[in-house]
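**Student:** Mind looking over this structure? Questions follow.
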Ligand SMILES: C[S@@+](CC[C@H](N)C(=O)[O-])C[C@H]1O[C@@H](n2cnc3c(N)ncnc32)[C@H](O)[C@@H]1O
């Protein structure tokens, strides 16, 4: 019974994919995933590849964003090149791609950053993109937390590997506090935008943050984007509860009047 249900779901998903225009287009254009069009559409709106010679693709497998990077750098005549121009990182092994140096590693680990720097011969990157997504557990808070940790890790990598005025693009989940994210990213970038490309399914909770002109006003990341958000939410809830308690007390005091009586020198009998 379980197998039957799963097979039906796979069948439904695959026919759903086949009807999808970007799925078919990706097959035609030989992209490894339909995600390629998200990055291309972000570029249509923000021209993120105008001054790009070196790029880092975080959470890159199966590799369609890396393919877009290869295409863009080739158009600019930076590829083929003697030196390393594109570094792609993922936990999973990825099929090789011409002109892409791959690192199989975890973007939250310092050793991965060291490896990236080594591959670039300690030169900084012009753009960092991150399409990271955790294996979804189905528990909203946990998925949200793990996703947020990927953004924090990617931002940390920016601090160590992105050149001044460089660009950062990352996937974020709906439900993030936009105002808070905006003000936090503004500590590092002069311009910060949010976008949901047309090719991102309407049913998907993903959208993207596009950060231009890397100009860090602080040099270390001493806060956790979403942990901070939770603390604010908690403080806000506590404040609201205090107001409710005060109002309730005021209301009650209108109806109950306490009258002092008896002699306070001894105990009450009851
Ligand atoms: C949506 S896929 C990326 C698709 C890719 N941009 C493309 O166009 O082909 C998300 C990837 O994030 C990777 N990932 C998740 N957590 C990671 C981590 N801590 N370090 C490196 N990669 C991670 C997963 O292995 C997965 O391949």
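Each reported figure results from applying straightforward, stated rules to the coordinates on display, with no laboratory input. These numbers were taken from a predicted model, which means no experiment stands behind them. Methodologically, a virtual Cβ is constructed for each residue, glycine included, from the backbone with ideal geometry; neighbour enumeration extends over all protein chains shown.
**Student:** What's the ranking of 39-51, 74-86 by average number of surrounding C-beta atoms within 10 Å, highest first?
**Tutor:** Result, highest mean Cβ count within 10 Å first: 39-51, 74-86.
**Student:** Spin-label point model (7 Å from Cα, Cβ direction): what's the residue 71 to residue 24 distance in nm?
**Tutor:** 1.8
**Student:** Now, a different point. Measuring from a point 7 Å past the Cα of residue 218 along Cα-to-C-beta, which residues in the range 164-208 have an amide N at less than 19 Å?
**Tutor:** It comes to 177-192, nothing else.
**Student:** Just to verify a number: FRET efficiency for residue 51 and residue 98, C-beta to C-beta distance, R0 = 30 Å, to 0.05?
**Tutor:** Plugging the Cβ-Cβ distance into 1/(1 + (r/R0)^6) gives 0.85.
**Student:** If you don't mind, there's one more thing I want to ask. What is the calculated FRET efficiency for residue 133 to residue 245, with r their C-beta to C-beta distance and R₀ = 45 Å, to the nearest 0.05?
**Tutor:** The pair residue 133/residue 245 has a calculated efficiency of 0.60.
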